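Heads up, the thing below is written out as structure tokens.
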2 protein chains.
Amino acid sequence: MAGDTTQIDQVRRFNRTVTERVGVLHDHYLGRDRPIGEARLLWEIGERGQDVRRLRERLGLDSGYVSRLLRSLEAEGLVKVEPQPRDRRVRTARLTAAGREERAVLDGRSDELAGSLLAPLNTAQRARLVAAMAEVDRLLTAATVTLDTVDPDHPDARHCLQSYSAELQERFETGFDAARSLLPDPGELRPPHGLFLVARLHGEPVGCAGLKLPPGAPAEVKRMWVAPHARRLGLGRRFLAELEERAARHGHDVLRLDTNKALDAALGLYRSAGFQEVPAFNDEPYAHHWFEKRIA
Amino acid sequence: MAGDTTQIDQVRRFNRTVTERVGVLHDHYLGRDRPIGEARLLWEIGERGQDVRRLRERLGLDSGYVSRLLRSLEAEGLVKVEPQPRDRRVRTARLTAAGREERAVLDGRSDELAGSLLAPLNTAQRARLVAAMAEVDRLLTAATVTLDTVDPDHPDARHCLQSYSAELQERFETGFDAARSLLPDPGELRPPHGLFLVARLHGEPVGCAGLKLPPGAPAEVKRMWVAPHARRLGLGRRFLAELEERAARHGHDVLRLDTNKALDAALGLYRSAGFQEVPAFNDEPYAHHWFEKRIA
DNA sequence: GCCATTCTCTGACTTTAGTCAGAGAATGGC
DNA sequence: GCCATTCTCTGACTAAAGTCAGAGAATGGC
């Protein structure tokens, strides 16, 4: 539980208005001549097809139920379900031509619904509504992101670390060669020497951050990265806050890090998060700036 | 259909995020051990009880269905349904002590849900989210208001006109006596001499505006009023735009009105809506300012 | 090659949600 | 007092939504 009473009340008023106005209309528009279960499924399969297990996950439905829905869509000729060549247990649902058409109809209705929300408003109000919606959307998305401790060898961690390297390679003037950098070996980022966090949005890894906890020395942030499509959600700041707290919990009273001048957003973040620039405390060849912050 | 493609897309993204995050959680929280139909009904009955017909209306449900839900709540001892003394066909549902308790549980869960949306965010993000929600709430509410032409004798029109008089009475330094004012007699505000609009929110009248259409003379706005709880929704502006259009449609090219200096919000509205202050064109005793606008 | 595991499907269910056609009690207008 | 209307309820439905316990095919690790 969080937020003061006024905030809670406002959120509740919002929930009420929005479920009434958007929720009800949504079902009404989407499911005009088709059960909404089927409609949602049709939608979720998408242009490029989707594995059945993924559909189940995304929609949070029982496996038997999804199977039945798929068969009914198949019977209508909208969908084809086939085993994946790589793993024949997994099956992939794909839209047929008719299915694509049907989905386009749903798409049109979604536009209609959106239009009907805007229609009674004048130009200025529309602009304000859309801007406020974007803000709500962004922040609710931010609130959906989870941070979990994982082993640096976990597939999600690997995915993030690879993206991290690839991005540095692209952004640093000099390119980036992991072998030349002081990147800690994974052992340093798992207990008891450290830890590794992965941020996930709807189960997808969208960022990571490592923490070194050397006994008797300052804790150190390593390999912090946020996926491009998950930026502007305050995730960097959240990583820092989380790492700070964990470092303090492990008895450290200083947190430090180094970074490259090309990462201007990161530089701004560190400064505004209370880090002070300090002289180089290591000889990381890719670093131009060193920061530290007193914690706890 | 309204709004350009970018706007429509943003609204759709918003709908998606919100139905996922709020909608799903909403049902989850609310209906933990009770069908959401019952939960919604329990909620809608409220502390003070509600007529069955009203419940039906508010929730948009079939009469048989509501009846059945009520009986199941009655069987659980949460609700008591009794005929109204004034009209024994109408029955009123009231919460029992147990029902009140149960409703408090739902209330707590709504708070929990709201809290869970805010919890992962930091203070600054929370403030921004809540502000954006308030804005969305306000504008969606504004978009829900309907404007209908009604006869000035319609109960909803009467209700608004009475509130209008009562408010002027309170706000004018001199008080307000309808008999001394140049208020048109109702005949002037019905076709063919004019028309009368009522704004409704969820069926409740929340504002009104009359239009005089004297042949060969400027059209005139009369008795425009918006209920206090429906202000800040841009309703005044919407009334003006609607009346302007209707006046133009009836062949008028000037729209005018008079107003009292105590109504400062109205003065600002007229100015920003393109009305120019002009010399007195009538001898309305309660007016301090006269405006007109060229239309069409 | 065996075995535990993963993934999807089927059959047999239950519960919700909601509709429709009256029936029966009250009421209001005449 | 009669009659049309209003309001709620009951019985008899249907359809959607979802659960649960296996069965059967593939796969991966050993």
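For the interface of B with A, what's the total buried accessible surface in square angstrom, probe 1.4 angstrom, rounded to the nearest hundred?
Using a 1.4 Å probe, the pair buries roughly 5300 Å².
Given labels modelled 7 Å from the Cα in the Cβ direction, how far is it in nm from residue B:134 to residue A:277?
Each label point lies 7 Å from its Cα, and together they span 3.9 nm.
Roughly how far apart, in whole Å, are the Cα centres of the range B:56-96 and the range A:235-276?
If you average the Cα positions of each part, the centres end up 58 Å apart.
Using +1 at the Cβ of each Lys and Arg and -1 at the Cβ of each Asp and Glu in the range A:5-120, identify which of A:63, A:8, A:19 lies farthest towards the dipole's positive end.
Farthest along the dipole direction, towards plus: A:63.
From the label point of residue A:67, set 7 Å from Cα along Cα→Cβ, how far away are the matching label points in the other copies, in nm, ordered shortest to longest?
In nanometres, ordered from closest: 4.2.
Hey, what number do you get for chain B at 222 nm if only DSSP H runs of n ≥ 4 count, each worth -39500 (n - 2.57), divided across all residues, to the nearest 500? Each step should come with its number before you reach the end.
Working: 10 runs with 136 residues, N = 296.
Taking each H run of at least 4 residues, the total per residue is -14500 deg cm²/dmol.
Keeping all protein chains in place, calculate the accessible area per residue for the range B:146-294 (probe 1.4 angstrom), answer in Å². If you can, show how the numbers build up before the last one.
Values: 7320 Å² over 149 residues.
Ligands and nucleic acids excluded, the figure is 49 Å² per residue.
Along Cα→Cβ at 7 Å, what distances in nm separate the residue B:248 label point from those on the other copies, shortest first?
Here residue B:248 shows inter-copy label distances of 6.1 nm.
Could you rank B:222, A:293, A:80 by how accessible they are, 1.4 Å probe, largest area first? The partial results should precede the final answer.
On the way: B:222 15, A:293 40, A:80 115 Å².
From most exposed to least exposed: A:80, A:293, B:222.
Could you give me the ³J(HN,Hα) list for the range A:160-173, computed from phi with Karplus coefficients 6.51, -1.76, 1.60 and θ = phi - 60°, whole Hz, x at Gly and Pro?
5, 5, 5, 4, 4, 4, 4, 5, 5, 3, 7, 8, 6, 3
On the protein heavy atoms, probe 1.4 angstrom, tell me the percent of accessible surface of the protein assembly as shown carried by carbon and sulfur. Could you put the intermediate results ahead of the total?
Values: 14420 of 29570 Å².
Within the protein assembly as shown, the accessible surface is 49 percent carbon and sulfur.
Using a 1.4 angstrom probe and counting only protein chains, how large is the accessible area of residue B:126 in Å², to 10?
50
³J(HN,Hα) across the range A:126-135 via Karplus (A = 6.51, B = -1.76, C = 1.60, θ = phi - 60°), whole Hz, x for Gly/Pro?
Working through the residues one at a time gives 4, 4, 5, 4, 4, 5, 5, 4, 4, 5 Hz.
What does the structure give for A:106-112 when I average, per residue, the other chain Cβ atoms found within 10 Å of the residue Cβ? If you can, show how the numbers build up before the last one.
Working: counts 0, 1, 0, 0, 6, 7, 2.
That average works out to 2.
Lys pairs in chain B, Cα-Cα under 26 Å, at least 8 apart or on separate chains: how many? Spell out each step's value before the answer.
On the way: B:212/B:222; B:212/B:261; B:212/B:293; B:222/B:261; B:222/B:293; B:261/B:293.
Number of lysine pairs found: 6.
Take every Cα pair under 8 Å in chain B that's 6+ residues apart, average their separations, divide by the length, and report that relative contact order as a whole percent. List each step's numbers first, then the result.
Working: 355 pairs, mean separation 31.9, N = 296.
Answer for chain B is 11 percent.
Shortest first and in nm with one decimal, please list how far the residue B:5 label point sits from its counterparts in the other copies (point 7 Å along Cα→Cβ).
5.0
Could you compute how much accessible surface residue A:9 exposes when probed at 1.4 Å, giving the result in Å² to the nearest 10?
70
The values are calculated or read from the model by the stated rules, or taken from the named source; none is laboratory data. Keep in mind the model is a prediction, meaning the values are calculated, not measured. Heads up, the Cβs are rebuilt from the backbone with ideal geometry, glycines too, and the neighbour counts pull from every protein chain shown. In case anyone asks, the SASA skips ligands and DNA or RNA and just uses the protein heavy atoms, side chains included. Shrake-Rupley method; radii C 1.70, N 1.55, O 1.52, S 1.80 Å.
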